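In what follows, a structure is listed as structure tokens, so that the remarks can point back to it.
Nothing in this text is a laboratory measurement; each read-out follows from the coordinates by a stated rule. From a predicted model like this one, the values you see are computed outputs, not experimental measurements. Don't worry about glycine lacking a Cβ; one is built from the backbone with ideal geometry, like all the others, and counts go over all protein chains shown.
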Amino acid sequence: MSDTPFDETTLPDDFACPVDPEELHLPDLYVALEANLLAPGDGIITDRHHASADNYEADDPMNQIGGQISPFALSGWLRHGCERVLQQRDATACHPGESSASFKLEDVYERDLEAGYHEKGSCVDADRPAGCLIHDLFGGFSGRAGRLIRRPIPFSPVRSQVDITDGEAEAHYRQLATHVRSRNDEDDGTPLRAVTRDAVGNLDGAWWLTVRDLKPEYIGLLCAAISLLNDNNDAYRFQLGGARNFGAGIVDAQVLNPLYTDKEIRRVDHRRWNATSAMEEKDETWSEELRPAFIDALDARIAHDTEGA
Ligand SMILES: [Zn+2]
């Protein structure tokens with residue numbers, strides 16, 4: 001196993017990568033994302049001034065606003081999926097907040113500890129210096145950085161300018177304006193103040209993740225979490241960003257086959273091109289052999305972490 005690119009420190013003894021690891025584009029992982037509407041709070045940065053609604057013309061280059069979707073909202077969404085994967089396997093996940101933080105609701109921390117979380121960092125000991133998988137992957141405190149690089153997603157409304165192998169997406173930015181209106185009868189719905197909300201519509205692209213240490217259990221956890229988020233994408237708690245009551249943030253998500261070449265990844269993105277037979281063969285290897293091997297590594301790591309804990 002000495003020539004494996006995988007980090008062997010926590011590698012299960014019986015882990016064997018079913019394909020030559022050289023053929024995988026790990027440690028990069030691409031998550032294909034599609035969402036009709038996303039409103040991630042403060043999580044959008046645009047490269048232009050905002051077009052005025054009165055004289056909006058879609059083909060005016062000034063209105064072709066590009067920008068970036070911040071990784072912060074995406075990261076919380078992914079982390080939540082990862083936490084749930086651990087909890088479904090009867091393990092607890094690191095609480096995202098410090099136990100000493102002053103939460104608005106007094107009992108919230110204790111309540112979470114009873115609902116599948118352990119106190120942040122309590123999973124770290126001499127035998128397990130990286131802590132639980134959530135602590136290990138997303139980083140904790142004591143200056144230990146996470147092992148997962150989560151990039152922002154640059155977006156453009158012009159499809160020809162989008163390259164999903166660079167973790168980009170097609171998306172259409174709008175600033176939505178609305179009024180908060182008075183509910184007093186005598187005011188007859190008078191607008192009290194105007195509010196604006198940044199949103200992107202028709203998001204279609206990929207989120208580019210990289211693991212700093214190539215551990216098979218990281219890949220297993222990320223794959224399991226994305227499947228879970230995709231399968232439950234209309235459940236309030238698994239939607240992405242704000243405005244969830246309005247149906248924003250229902251995301252179709254899928255980890256792209258790490259056996260794909262860049263050319264094949266671009267093919268996935270090209271609506272008119274079907275998968276080649278080489279890609280179909282790779283899909284079979286991925287779903288029948290490779291993905292299950294990573295999931296087995298995930299299960300072995302969780303068993304190791306919960307042993308005697
Ligand atoms: Zn932990």
Check: What number, rounded to the nearest 500 deg cm²/dmol, is the helix-based mean residue ellipticity at 222 nm of the chain, given -39500 (n - 2.57) per DSSP H run of at least four residues and division by all its residues?
Finding: -8000 deg cm²/dmol
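If neighbour count is taken as other Cβ atoms inside 10 Å, put L33, L113, L221, L192 in order from fewest to most. Before the final figure, lay out the partial values.
Numbers: L33 24, L113 15, L221 27, L192 12.
Ascending Cβ contact count within 10 Å gives the list L192, L113, L33, L221.
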Check: In the chain, which Cys residues have no partner Cys with a Cβ closer than 4.7 Å?
Finding: C17, C82, C94, C223
Note to self: Helix 216-231 against the longest principal axis of the chain: what's the angle in degrees, Cα atoms only, rounded to the nearest 10?
What the structure shows: 40
Checklist line | Per-residue Cβ neighbour rank within 10 angstrom, fewest leading, D213, D185, D127 | finding: D185, D127, D213
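Taking every pair of alpha-carbon atoms in the range 189-309, give the share separated by more than 26 Å as a whole percent. Could the numbers behind the result be given before it?
On the way: 2906 of 7260 pairs.
Taking all Cα-Cα pairs of the range 189-309, the fraction more than 26 Å apart is 40 percent.
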Item checked: Positive-pole candidate from Y117, P40, A16, dipole of the chain, charges at beta carbon -> P40
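With +1 on each Lys and Arg Cβ and -1 on each Asp and Glu Cβ, and nothing else charged, work out how big the dipole of the range 141-253 is about its Cα centre, in Debye to the nearest 20.
On the way: 14 positive and 15 negative charges, 107 e Å.
So the dipole magnitude of the range 141-253 works out to roughly 520 debye.
Rounded to the nearest 5, what % of DSSP beta bridges with both residues in the chain are antiparallel?
Values: 36 of 40 bridges.
Just about 90 percent of them are antiparallel.
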Item checked: Total charge dipole magnitude, the chain, about the Cα centre, Cβ charges on Lys, Arg, Asp, Glu only, Debye to nearest 20 -> 980
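Excluding same-chain pairs closer than 8 in sequence, count the lysine pairs in the chain whose Cα atoms lie under 25 Å apart.
On the way: K104/K120; K120/K215; K215/K282; K263/K282.
Lysine pair count for the chain: 4.
In which sequence would I302, I134 go, from the one with the fewest C-beta neighbours within 10 Å to the one with the most?
Values: I302 20, I134 26.
With the fewest neighbours first, I302, I134 line up as I302, I134.
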Next item on the list: Specify whether the C-alpha gyration tensor of the range 110-213 places it in the rounded, prolate or oblate class, a ≥ b ≥ c being the square roots of the eigenvalues: rounded for a/c under 1.5, otherwise prolate if a/b is larger than b/c and oblate if not.
Entry: oblate
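Based on the alpha-carbon gyration tensor of the chain and its eigenvalue square roots a ≥ b ≥ c, which shape applies: rounded if a/c is under 1.5, prolate if not and a/b is larger than b/c, or oblate? Write down the numbers at each step before the final one.
On the way: a/c = 2.46, a/b = 1.29, b/c = 1.90.
Oblate is the answer for the chain, as a/c is 1.5 or above yet b/c matches or exceeds a/b.
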